[in-house]
Amino acid sequence: MSTPSPFLYSIIILIVSFLCQASAIQLNGARYLGNFWSSSRTLSLRAPKYQYETKYFQQKLDHFSFADLPSFSQRYLINTQHWEGPSCSAPIFLYCGNEGDIEWFAANTGFVWEIAPRFGAMVIFPEHRYYGESMPYGSKEEAYKNATTLSYLTAEQALADYAVLITELKRNLSAQACPVVLFGGSYGGMLAAWMRLKYPHISIGALASSAPVLQFEDLVPPETFYSIVSDGFKRESMSCFNTIKESWDVINKVGQINGGLAQLTKTFHICRELESVDSLSNWLESAYSYLAMVNYPYSTDFLMPLPGSPIKEVCRKIDSLPDGASVLQRIFEGISIYYNYTGKVDCFDLNDDPHGMSGWDWQACTEMIMPMASNRTTSMFPEFYYDPKSNEEQCLKDFHVKPRPTWITSEFGGHAFKSALKAFGSNIIFSNGLLDPWSGGSVLEDVSETIVALTTKKGAHHLDLRAATAEDPDWLLDQRSSEIKLIRGWLDEHYDKKKAISAYR
């Protein structure tokens, strides 16, 4: 068979390009979604159901050795309904799975699903190893058995999983020329940013939402997280803030008297009698922190079923009890907004893990060492200081492993972050809502023309990645439109370079 002449080859390229653009226009309408997001005010408030196939891919247990180790089955969700295919070099949107069941994250990342048709994109949600159904050694019990079996639960191994999966998938689909755009929120956002930096040949850009990539060592003050949480309650009600601040001493005093733990168990409707005050305090602290993270302007059920502006509702409950109500009564009524907004829970299991996130305890004891502290002056939490020695002792007790607090900054960077990224990084969006306590450990200023920070004063934890609703405020619509414009710019630049190379040839 003869080889087409350069002229004929150019004609073929133009025809294919025209057909791809026509298909995109017919399918997607306007390339930018300003109008799309504005019209979202008419969308249903009900959570959308996204369509995907569930597939599995055999992954190496250890990508960084040649030892003969067992492989494991990694679950991933894929949708090719709107993908314009390899002939058009249509994009692939890959969400970097977090520390939990991937279907949970897929259900709460509507932004990716909603913009995919506009870009003619494939959508892939790979699951993070050791979470959901992606368990090495055949089961969670075996995978979580000891420090040896857990040793392959690292961010580095997870990124390698994603790199191998997308490379093989593109090869199998003859889609090697299709550009990949990465997405992720929270830990998934960290992974998206790190993958863009560690595997720049895999993707053309990354949207890293609420990604605290600087929450390590001394890169940010350790009090930052709890100060932001406290500010959220202080903004709503100073009396609410003071009640919570006072409650810790009250709980400790009650816990020390004879029968005090039983009294606290009854007051807070705990299923099993408390063995220590610490377990109750940790349960309350978690709720306040999560409330700050998901302080969304409308009702959601991401972490728990919650009303819109849940901190406002918690403080309203705490403040609305009649004079004479005890501090503990007020705290119970307020905390029930988080743990029992539906009113269907009879008692609370302090060890409940509805989203399968327990693997994070291991990660937090090995490489994800994020120093935390609480300042008594600015925080509503008890004063405490970050104590690396105490943290090491606890991790040795829990997992028989010593933390490596400087590893993440050695592996992915952190010190002199801006100058380093400006020299070798490109095409990363760090998006943050400043109500989110994790925003204090993220990138809040532009690093360069192509590594940009998009912040919103009233946004919470990766709110921009959630599905559009009729209640989305204008500032959220604007943030998403900016993200879409940047992603379109990455793709346009990629296609322009490819055309220039084809024309040169």
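Structure above, values below:
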read-out: Neighbour-limited loop hits for GluC sites (Glu not before Pro), the range 438-505 (at most 10 other Cβ within 10 Å; DSSP other than H, G, I, E, B); value: Glu445, Glu449
read-out: Distance in nm between pseudo-label sites at Asp387 and Glu168 (7 Å out along the Cβ direction from Cα); value: 4.6 nm
read-out: Computed lengthening from Arg316 to Asp249, 0.36 nm per intervening residue step minus Cα-Cα distance; value: 21.9 nm
read-out: Computed E for Ser482/Asn258 - FRET, C-beta separation, R0 35 angstrom, nearest 0.05; value: 0.05
read-out: The chain: calculated mean residue ellipticity at 222 nm from DSSP helix runs of at least 4, using -39500 (n - 2.57); value: -14000 deg cm²/dmol
read-out: Amide H contacts under 5 Å for Thr300, placed H, 5+ residues apart; value: Leu306
read-out: Cα→Cβ-extended label distance, 7 Å offset, between Tyr56 and Phe424, nm; value: 3.8 nm
read-out: Rg/Rg_ref, the range 416-466, where Rg_ref = 2.2 N^0.38 Å and atoms are Cα; value: 1.16
read-out: Helix axis angle, 388-399 relative to the chain longest principal axis, alpha carbon, degrees; value: 80 degrees
read-out: Table column - 3J(HN,Hα) (Hz), the range 114-128, Karplus curve with 6.51, -1.76, 1.60, x for Gly and Pro; value: 6, 8, 4, x, 5, 9, x, 9, 6, 10, 10, 10, x, 8, 6
read-out: Candidate lysines for bridging to Lys253, where Cα separation is under 30 Å - those fewer than 8 sequence places away on the same chain excluded; value: Lys234, Lys245, Lys266, Lys312, Lys317, Lys389, Lys397
read-out: Cβ-derived FRET efficiency at R0 51 Å, Asp323 paired with Tyr137, nearest 0.05; value: 0.30
read-out: The range 122-175: Cα Rg divided by the 2.2 N^0.38 Å rule of thumb; value: 1.31
read-out: Cα-based shape type of the range 146-219, given that a ≥ b ≥ c are square roots of the gyration tensor eigenvalues and the cut on a/c is 1.5; value: oblate
read-out: Local electrostatic count at Lys422 - Lys and Arg +1, Asp and Glu -1, tallied over other residues with Cβ under 14 Å; value: -2
read-out: Residue-by-residue Karplus 3J(HN,Hα) for the range 366-378, coefficients 6.51, -1.76, 1.60, Hz, glycine and proline x; value: 10, 10, 8, 8, 10, x, 10, 8, 9, 9, 4, 6, 9
read-out: Rounded to whole Å, sorted largest first: equivalent-ellipsoid semi-axes of the range 54-123, Cα gyration tensor; value: 28, 16, 9
read-out: Alpha-carbon Rg/Rh ratio, for the chain, with Rh computed the Kirkwood way; value: 1.00
read-out: Spin-label pair Lys145/Ser65, simplified geometry with 7 Å Cα→Cβ offset, distance in nm; value: 1.5 nm
read-out: Rounded to whole Hz, the Karplus (6.51, -1.76, 1.60) HN-Hα couplings of the range 235-241, x for glycine and proline; value: 4, 6, 6, 5, 5, 5, 4
read-out: The range 439-505: equivalent-ellipsoid semi-axes (sqrt of 5 x gyration tensor eigenvalues, Cα, Å); value: 31, 16, 8
read-out: Rounded FRET efficiency, nearest 0.05, which uses the C-beta distance separating His201 from Asp446 and R0 of 30 Å; value: 0.75
read-out: Acute angle (nearest 10 degrees) that the helix 310-320 long axis makes with the longest principal axis of the chain, alpha-carbon atoms; value: 20 degrees
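Each value in this text was obtained by applying a stated rule to the coordinates, not by laboratory testing. Just so we're clear, the structure is a prediction, and the values are computed from it rather than from any experiment. Positions of Cβ are backbone-derived with ideal geometry, glycine not excepted, and every protein chain shown enters the neighbour counts.
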